[in-house]
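Report on one structure; see the data block that follows.
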Amino acid sequence: MSLTPLISTYSISKSYGSRALFSNISLNFFPNERLGLIGPNGAGKSTLLKILAGVDSSDSGKIIQKNSLFTTYLPQTDQLDSNQTIEEVLLTSLPKEAEKSDYTQRIIHITQQAGFIYLNQRVAELSGGWRKKLAISRGLLQKPDLLLMDEPTNHLDLEGVLWLEQVLQTASFAFILISHDRYFLENVTNRIIDLNQQYPEGYLKAEGSYSTFLEQREAIIHQQLQKEEILSNKVQRELAWLQRGAKARTSKAKFRLDGAEQLKNELKDVQTQNRQSKTAAIDFSTTERKTKKLLEAQSVSVSRGEKVLFKNISLQLSPGQCLGILGRNGSGKTTLIQILRGELSPESGQVIHAEGLKIVTFDQRREQLNPTDTLKQALCPLGDNVLFQGNSIHVTAWAKRFLFSEEKLNLPISQLSGGEQARILIANLMLKPADILLLDEPTNDLDIPTLEVLEESLKEFSGAIVLITHDRYFLDQLSNQILYLDGNGKAEFFADYHQWFTLNNNQLVKKNNLISKSSKSQEKKIAQGLSYEERKELNRIEQKITKAEQIITDLQQQLYGSEINNDSEYLAGLHAQIQQAQAQTDQLYQRWETLEACNKDS
């Protein structure tokens, strides 16, 4: 039985000024949609998502939605009121006809899953990662038929990304998301659409995971390159024939002349498509230092107030090494990089640099960029040429190397996208020979083609690299050691990302085992039927459930009382009581279901 599409697009097109983003896009999006929308920066991914959400409109074509379709749209930048509390944000997002009491339990469930503790905390006090979690939680609370998400993993730490993965893997709604996180795409999507002018239709759709898409993309690009070569050979043969000159302008000669012109146009179209796959040319400079020990940290410890971020970290950086740093937002990852660089001093311990050590840093806050500077000033502060690996390169050619057109050179930095700003920082890094690269979230806002080139360049870098990134694929490709910071003083080394994930995933595995054992126990009870004592228990259990639910309701009502606004200790205790009461109620329901099933079968 075929499914009715939630949304269908018919030949929609969109341009900004003289630049066409996309044209003649015809797609269907279904109730079981788990779609990853990818493509190079500037391809129109965010615009297409806005059009599907009804926030923007297409220049031509039409869109048809299923009747009563409820869509929730989460843009890259959250639309949260900084003056509201977490609780107020969630309550004000409910449908007008909704009863607050009906959503109380759902709010608690969603916020507990996301890791929120103090619901009376104001949005203004939240970090970027927690704001992103709140925006996603608000979208989930609305129970949409279709959830549209633009870069939902941006600002989330690794544990936040894993949380979102679990939510989406068990989702009862359809979703379309834009992401450059390749592991995330692999784990949550069942279809990929690559919006890219390198394909004949302007996009490629692939059923299956991201890895399946990669196989199809490689095959299609190979076919297009073969087609270009075949057409080029045909054109050369026809041009050679025309140059010899036809004996007479016969109809046959005119036919070949027209055919040659058609072949030239077809070749030009294929060449244009194949050139669309052009990526930034990234190549980092090294000092070629042969010193085995570039940097050594000895028993380094740091605290923030009474909180210990990490203690007694000892590590050594050598040429060819890439150390990946993992941890939640606020666990001290950036602080550690600042200490390794010498920008901050540790509370205890020391960092020893090799003599004349050259360190280059990529700052995730992008404070190295002056928003009022033009692109030309940012790429080439002095004169019109840059010196790269001993060669003088004009700023126009240097800009094109990072996919900037000459027309953009006079634009201020503030008008450039996040991905374009990241490419400027990478360009500046390339001009500085380094022994050590300290990279703090270099992958933010970069499209997948640029990520792939950046990976290959860093693999060839002969110095040492310290890498902070939430991009697990990027981390896995480059790092040969992982340092995990839990933010509470613990620092632990792992061989690679997969070892860290396996060990830190044990709790989830244990939980699944408990659920499995509980399920088997229920099946066994059903097969045996009820004993006399179990029948008595069944008669009493409904009353116990009623009392247990009342306890939860009473506790939840206290969440909305004014007396807890400034008492975080009381609120934490109240949450613990609610969790305990809910666990007891769940056990009673589980027991009731088991007894009831046995009673029906006996």
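Results, tabulated for the structure shown:
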{"read-out": "Exclusive hit being free of Cβ contacts under 8 Å to residues at least 12 places away in the same chain and closer than 30 Å to residue 104 by Cβ, set 153, 170", "value": "170"}
{"read-out": "Flag for residue 86 being modelled with pLDDT under 85, surrounded by 18 or more Cβ atoms within 10 Å (Cβ to Cβ) and not assigned by TED's automatic domain parsing to the domain that holds residue 420", "value": "no"}
{"read-out": "Filter pass, residue 135 being in contact (Cβ under 8 Å) with a residue 24 or more places away in the chain and touching a Ser or Thr at 6+ places or on another chain (Cβ under 6 Å)", "value": "no"}
{"read-out": "Pick from the range 22-62, criterion free of Cβ contacts under 8 Å to residues at least 60 places away in the same chain and crowded, with 16+ Cβ neighbours inside 10 Å, ranking: nearest to residue 141 (Cα to Cα)", "value": "50"}
{"read-out": "Among the candidates 93, 26, 58, residue that is in the same structural domain as residue 208 (by TED's automatic domain parsing) and either among the acidic types (Asp, Glu) or in contact with a Phe, Trp or Tyr (Cβ under 7 Å, 6 or more places away or on another chain) (or both)", "value": "26"}
{"read-out": "Members of the range 353-374 that are among the β-branched types (Val, Ile, Thr) and either assigned to a loop (DSSP other than H, G, I, E, B) or within 19 Å of residue 333 (Cα to Cα) (or both)", "value": "359, 360, 361, 372"}
{"read-out": "Residue list for the range 405-428, filter: part of a loop (DSSP other than H, G, I, E, B) and at pLDDT 85 or above", "value": "409, 410, 411"}
{"read-out": "Complete set of residues in the range 326-348 that are touching a helix residue (DSSP H, G or I) at 6+ places or on another chain (Cβ under 8 Å) and buried (at least 24 other Cβ atoms within 10 Å of the Cβ)", "value": "326"}
{"read-out": "Residues of the range 316-352 that turn out to be part of a strand (DSSP E or B) and at pLDDT below 90, as a count", "value": "1"}
{"read-out": "Residues that are of a type in the set (A, V, I, L, M, F, W, C) and farther than 13 Å from residue 439 by Cβ, drawn from the range 318-331", "value": "326"}
{"read-out": "Hits in the range 379-431 - residues which are β-branched (Val, Ile, Thr) and free of Cβ contacts under 8 Å to residues at least 24 places away in the same chain", "value": "393, 395, 396"}
{"read-out": "Residue selected from the range 196-238 under the condition of a type in the set (Gly, Ala, Ser) and part of a loop (DSSP other than H, G, I, E, B), by the criterion modelled with the lowest pLDDT", "value": "202"}
{"read-out": "Residue list for the range 141-190, restricted to those being more than 14 Å from the chain's Cα centre (by Cα), over 20 Å from residue 208 (Cα atoms) and surrounded by 21 or more Cβ atoms within 10 Å (Cβ to Cβ)", "value": "141"}
{"read-out": "Failed condition for residue 387, given (1) surrounded by 15 or more Cβ atoms within 10 Å (Cβ to Cβ); (2) assigned to a strand (DSSP E or B); (3) modelled with pLDDT under 90", "value": "(1)"}
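The values are calculated or read from the model by the stated rules, or taken from the named source; none is laboratory data. Just so it is clear, the model here is predicted, and its values are computed rather than measured. Neighbour counts are summed over all protein chains in view; Cβ atoms, including those assigned to glycine, are modelled from backbone coordinates with ideal geometry.
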